[in-house]
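Have a look at the structure below before the remarks.
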Amino acid sequence: MYYRFCWGCHGFRGDGNGENGPYLNILPRNFVAATFKCRSTPTGTLPTDEDLFDSVGRGFTNSNMPAWISLTKQQRADMVAFIKTFSPRWKTDKSGDPINVPAEPAVTLDSIKHGKELFTKLECWKCHGQEGRGDGPSASTLTDSNDQPIRPYNFAAGSRFKCGTTNHDLYKIFMTGLDGTPMPSFADVIKPEDAWDLVHYLRTLQVTHKSPELALWMTTKEGAEIVKAQKIVGTPTGADIEQ
Amino acid sequence: MRTKQAFMAGVAILAAATMTSAVPGGGTVSGRVTYEGTPAKQKPIDMSKEPSCAKQYATPPPTETVVTGPNNALENVVVYISAGAPDEPPPSQAAVLAQKGCRYLPHVLAFQVNQELKITNEDQTSHNIHPLAKINREWNKSQPPGTPPFSEKYDKMEFIPVKCNVHPWMHGTFAVLKNSHYSISGNDGGFTLPNLPPGKYTVTAFHESYGDQTQEVSIADSETKNVNFVFKAKPY
């Protein structure tokens with residue numbers, strides 16, 4: 001199975017050196033290093049089987065990793081088990097314990113506003129830009145752990161994330177970080193209730209994606225003005241990098 | 001790069017009477033690390049994108065990938081016993097890395113396997129600490145101003161480049177070592193490894209840009225041996 005569908009990119013030995021690998025602008029995951037972006041587990045730990053299973057089903061937006069939904073559940077589960085044979089880490093280390101995600105509180109304006117403060121205070125904008133367009137002052141200097149240039153997520157252009165689509169996924173993304181990239185974990189520095197406020201605010205930055213958060217934000221004068229301004233300014237400011 | 005140099009200048013044997021070591025009959029390996037050739041110049045760091053750090057300096061601080069001293073001294077070289085000494089349990093005190101003025105203090109931090117590593121942020125800006133480990137696990141954590149120190153440890157020996165993605169000029173090195181016999185060369189290039197029981201040792205010198213070199217030494221009772229390392233400097 002792996003040799004039919006995956007090795008063209010991920011390599012015969014799972015080291016990310018398949019013959020198509022070097023032609024992709026984001027290198028295929030090297031399963032030997034076993035550093036994974038999408039985890040429910042803390043930064044620096046191995047993901048759970050479920051995390052890997054979800055990644056294989058989801059595929060990665062903005063890169064060449066396809067969504068493997070055409071495979072049956074059993075086939076995907078087999079694939080996950082097989083990927084894990086490439087790295088000795090799975091024998092020496094256990095998967096991390098998934099972080100605790102408390103129930104999501106209701107979306108309120110206070111929550112969104114507080115989330116906005118956190119986005120500033122925690123300096124997400126240094127990479128993602130004030131408006132979340134992926135054009136912050138540090139954006140053009142970023143490289144991933146393979147020394148490849150990498151761009152911060154552009155909220156204004158996107159609806160999906162590499163690591164999921166739901167608010168629950170979004171919560172996990174910034175709490176666990178995307179290992180192997182500049183996107184750090186904030187689990188040690190954001191309290192759970194604050195994290196939900198940040199989730200609600202991040203949704204309002206996705207101006208091209210309908211969400212209850214965006215709808216509520218647009219009902220305020222402040223929100224409507226910000227969102228309108230964001231849509232008019234069509235091109236990212238600051239860093240001149242391609243998406 | 002791995003060059004073996006049989007370069008053993010001036011083997012000085014001191015009288016046992018001068019020793020004041022904690023190990024009875026313990027010997028010492030000491031010497032200097034120097035470079036030959038022309039090393040890359042230390043350039044002033046442009047911190048204008050981070051005013052809260054830039055304003056802490058009257059003149060911009062220089063880059064630290066290669067730091068040299070008088071008489072061709074090479075600073076920040078980790079000199080350690082890589083073979084011949086048993087692995088040791090970690091000491092109880094923590095090794096401390098401070099992020100201050102958008103730099104890592106110290107630039108090269110050596111500590112032992114499983115020793116506590118404390119990381120502090122003394123700046124008014126967020127740093128993300130991103131040690132690019134390959135043998136140990138790679139992690140990446142944001143540390144906003146006022147966050148209490150992080151406590152970490154590594155369970156395998158490794159030289160790990162450390163960076164902050166927000167401030168691309170911030171680079172450092174963690175040297176995770178298996179025993180307490182290590183020393184980092186100072187501005188004069190000097191290092192000292194005291195308290196070595198009699199025996200045969202491999203001494204390794206590691207520099208973050210120039211790689212490593214090893215030499216073999218034998219130490220008799222309370223002997224002090226002089227070992228020097230010379231690195232070929234590269235102008236880039």
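The values are calculated or read from the model by the stated rules, or taken from the named source; none is laboratory data. This is a predicted model, so every value here is computed, not measured. Cβ coordinates were reconstructed from backbone atoms using ideal geometry, including for glycine residues, and neighbour counts include every protein chain displayed. Only protein heavy atoms, including side chains, enter the accessible area calculation; ligands, DNA and RNA are left aside. Shrake-Rupley method; radii C 1.70, N 1.55, O 1.52, S 1.80 Å.
Residue A:22 versus (1) under 23 Å from residue A:182 (Cα atoms); (2) outside any loop (DSSP other than H, G, I, E, B); (3) open to solvent by 40 Å² or more (accessible area, probe 1.4 Å); (4) at pLDDT 85 or above: which is the lone unmet condition?
Of (1) under 23 Å from residue A:182 (Cα atoms); (2) outside any loop (DSSP other than H, G, I, E, B); (3) open to solvent by 40 Å² or more (accessible area, probe 1.4 Å); (4) at pLDDT 85 or above, only one is false for residue A:22: (4).
Kindly check whether there is at least one residue in segment B:100-112 that is over 28 Å from residue B:198 (Cβ atoms), within 14 Å of chain A (Cβ to nearest Cβ) and either among the β-branched types (Val, Ile, Thr) or out of contact with any Gly (no Cβ under 6 Å at 6 or more places or on another chain) (or both).
yes
Check segment B:99-111 and report whether any residue there is within 27 Å of residue A:38 (Cα to Cα) and open to solvent by less than 30 Å² (accessible area, probe 1.4 Å).
no
If residue B:183 satisfies all but one of (1) in a loop (DSSP other than H, G, I, E, B); (2) small (Gly, Ala, Ser); (3) away from chain A (no Cβ under 14 Å), what's the number of the condition it fails?
Here residue B:183 clears every test but (1).
Quick check on this structure: which one of B:128, B:114, B:195 is surrounded by 19 or more Cβ atoms within 10 Å (Cβ to Cβ) and more than 14 Å from the chain's Cα centre (by Cα)?
Exactly one residue qualifies, and that residue is B:128.
Just for helices (runs of 4 or more DSSP H) wholly inside segment A:106-220: which have at least 3 residues that are in contact (Cβ under 8 Å) with a residue 24 or more places away in the chain?
A:109-121, A:167-176, A:192-205, A:212-218
Looking at residue B:36, is it open to solvent by 30 Å² or more (accessible area, probe 1.4 Å) and over 17 Å from the mean Cα position of the chain (by Cα)?
The answer is yes for residue B:36.
Looking at segment A:59-99, which of its residues are over 21 Å from residue A:33 (Cβ atoms) and either modelled with pLDDT of 95 or more or in contact with an Asp or Glu (Cβ under 7 Å, 6 or more places away or on another chain) (or both)?
Of everything in segment A:59-99, those that are over 21 Å from residue A:33 (Cβ atoms) and either modelled with pLDDT of 95 or more or in contact with an Asp or Glu (Cβ under 7 Å, 6 or more places away or on another chain) (or both) turn out to be A:97, A:98, A:99.
Residues are listed down the side, and each one gets a yes or a no for (1) of a type outside the set (A, V, I, L, M); (2) touching a His at 6+ places or on another chain (Cβ under 7 Å); (3) modelled with pLDDT of 95 or more:
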residue	(1), (2), (3)
B:25	yes, no, no
B:30	yes, no, yes
B:33	no, no, yes
B:43	yes, no, no
B:68	yes, no, yes
B:75	yes, no, yes
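Sort through A:210, A:191 and tell me the only one that's among the basic types (Lys, Arg) and under 18 Å from residue A:120 (Cβ atoms).
Of the residues listed, the single one that is among the basic types (Lys, Arg) and under 18 Å from residue A:120 (Cβ atoms) is A:191.
Among the residues of segment A:95-143, what is the count of those that are open to solvent by 50 Å² or more (accessible area, probe 1.4 Å), within 14 Å of chain B (Cβ to nearest Cβ) and charged (D, E, K, R)?
Qualifying residue count, segment A:95-143: 2.
Just checking, how many residues over segment B:131-142 are within 7 Å of chain A (Cβ to nearest Cβ) and outside any loop (DSSP other than H, G, I, E, B)?
Here the count works out to 2.
I need every pair where a residue in segment B:212-236 that is without any contact (Cβ under 8 Å) to a residue 24 or more places away in the chain has its Cβ under 9 Å from the Cβ of a residue that is in a strand (DSSP E or B) and open to solvent by less than 50 Å² (accessible area, probe 1.4 Å), sequence separation at least 6 or different chains.
Pairs found: B:216/B:83; B:216/B:201; B:216/B:202; B:216/B:203; B:218/B:199; B:218/B:201; B:218/B:225.
Which of the residues that make up segment A:155-181 are open to solvent by 20 Å² or more (accessible area, probe 1.4 Å), within 16 Å of residue A:210 (Cα to Cα) and not basic (Lys, Arg)?
Listed by number, the residues that qualify are A:157, A:159, A:165, A:166, A:167.
When you look at residue B:221, is it touching a helix residue (DSSP H, G or I) at 6+ places or on another chain (Cβ under 8 Å) and either assigned to a loop (DSSP other than H, G, I, E, B) or surrounded by fewer than 23 Cβ atoms within 10 Å (Cβ to Cβ) (or both), yes or no?
It is true that residue B:221 is touching a helix residue (DSSP H, G or I) at 6+ places or on another chain (Cβ under 8 Å) and either assigned to a loop (DSSP other than H, G, I, E, B) or surrounded by fewer than 23 Cβ atoms within 10 Å (Cβ to Cβ) (or both).
If you check every pair at least six apart or on different chains, which have Cβ atoms under 8 Å apart with a residue in segment B:44-55 that is within 11 Å of another protein chain (Cβ to nearest Cβ) first and a residue that is small (Gly, Ala, Ser) second?
B:48/B:54; B:49/A:138
So in segment B:54-94, with the set limited to residues that are of a type in the set (A, V, I, L, M, F, W, C) and more than 28 Å from residue B:196 (Cβ to Cβ), which one is least open to solvent (accessible area, probe 1.4 Å)?
B:66
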